[in-house]
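Undergrad: Handing you a structure now.
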Amino acid sequence: MPRNVQRRQQILEALAQMLEDNPGDRITTARLAAKVGVSEAALYRHFPSKAKMFEELIEFIEDTLFQRIALILQDEEGVSARCNHILYLLITFAERNPGISRVLTGEALTGETQRLRHRVNQVLDRVETQIRQVLREAELRESLRPMLPLPEAANLLLACAEGRITQFVRSEFKRSPSAGWEQQFSYVMEGFFREVPSLSRKQSKVSQQQQETSPQESDTGLSSGIKSTSAGGSL
């Protein structure tokens, strides 16, 4: 790994560690430089501003989450399992990286540029969009549709995960966000979906209705024309 890339990674790791070690504190470049063991001037040679450090940290969060979400979608078929694994990924990622959980909740960005908070919102909105897509595909895959409209259903599921991460940060990392998750998720899933007719069943029903109306068409003198059409003749 090139030395400058290694140093940038070291700076980001130090930033994440400081966010974990000092919950509620605002990180200054002077303290960060001391943590890394370089001068502030050396710090700015790798990042033009502290905002840029946070931006790169948020980009790391997004890349890591969606690389793993892609694997979940590849490995899991059922809608309940897909949603569960995506949300559990978000929760455990925050739990294993307490400093990063402060970024996800926006607590570490207090006093920083509004652009950073908007960037975090984009990441979480993207997760919600992915959940909404999973719920939408469930109708085709499993003939299941949420009882709530899709946007509200996806938002409810993400809110469950975000709420746990917020509690984790508020407790200064003492309250595990993953503890009891499976029981709560199973409870949320009860009555979450309703069955809808599959496409094949809908087509079968339409075909049956057409067959049932054929005798009536015969009484009106139309059936002979339909038969000649199916045999290659004309109306």
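Undergrad: In a shell of Cβ-Cβ distance under 11 Å around T28, excluding T28 itself, what net charge do Lys and Arg (+1) and Asp and Glu (-1) give? Display every interim value, and only then the final one.
TA: Details: positive: R26, R31, K35, K50; negative: D25, E40.
Residues near T28 contribute +2 overall.
Undergrad: Computed from the mean reciprocal separation of all distinct C-alpha pairs, what Kirkwood hydrodynamic radius does segment 33-74 have, in Å?
TA: Values: mean 1/r = 0.0827 Å⁻¹.
In segment 33-74 this quantity evaluates to 12.1 Å.
Undergrad: Kindly report the accessible area of segment 14-155 per residue (heavy atoms of protein chains, probe 1.4 Å, no ligands, DNA or RNA), in Å². Intermediate values should be presented prior to the final figure.
TA: Working: 6760 Å² over 142 residues.
Here the per-residue accessible area is 48 Å².
Undergrad: Let me ask something else about it. Tell me the carbon and sulfur percent of the accessible area for segment 66-164, rounded to whole percent, probe radius 1.4 Å. Present the calculation step by step, with values, prior to reporting the outcome.
TA: Working: 2320 of 4690 Å².
Of all accessible area on segment 66-164, carbon and sulfur atoms account for 49 percent.
Undergrad: Want the number for E76 to Q6: 0.36 nm per residue separation, take away the alpha-carbon distance, what's left?
TA: 21.7 nm
Undergrad: Please give the net charge around M147, taking every other residue with its beta carbon less than 12 angstrom from that of M147, where Lys and Arg add +1 and Asp and Glu add -1. The partial results should precede the final answer.
TA: Working: positive: R145, R194; negative: E152, E190, E195.
Local charge sum for M147: -1.
Undergrad: Please give the solvent-accessible surface of D125 in Å², to the nearest 10, using a probe radius of 1.4 Å with every protein chain present.
TA: Accessible area of D125: about 90 Å².
Undergrad: May I pose another question? Determine, from the Cβ-Cβ distance of E142 and A51 and an R0 of 45 Å, the FRET efficiency 1/(1 + (r/R0)^6), rounded to the nearest 0.05.
TA: Details: r = 44 Å, r/R0 = 0.98.
Once the sixth-power term is evaluated, E becomes 0.55.
Undergrad: When a/c reaches 1.5 or more, the comparison of a/b and b/c decides; with that in mind, is segment 10-92 rounded, prolate or oblate per its Cα gyration tensor?
TA: prolate
The values are calculated or read from the model by the stated rules, or taken from the named source; none is laboratory data. Source: prediction; values computed, not measured. Here Cβ is always computed from backbone atoms with ideal geometry, including for glycine, and neighbour counts include all displayed protein chains. These area figures cover heavy atoms from the full protein model, side chains too; ligands, DNA and RNA do not enter into them. Shrake-Rupley method; radii C 1.70, N 1.55, O 1.52, S 1.80 Å.
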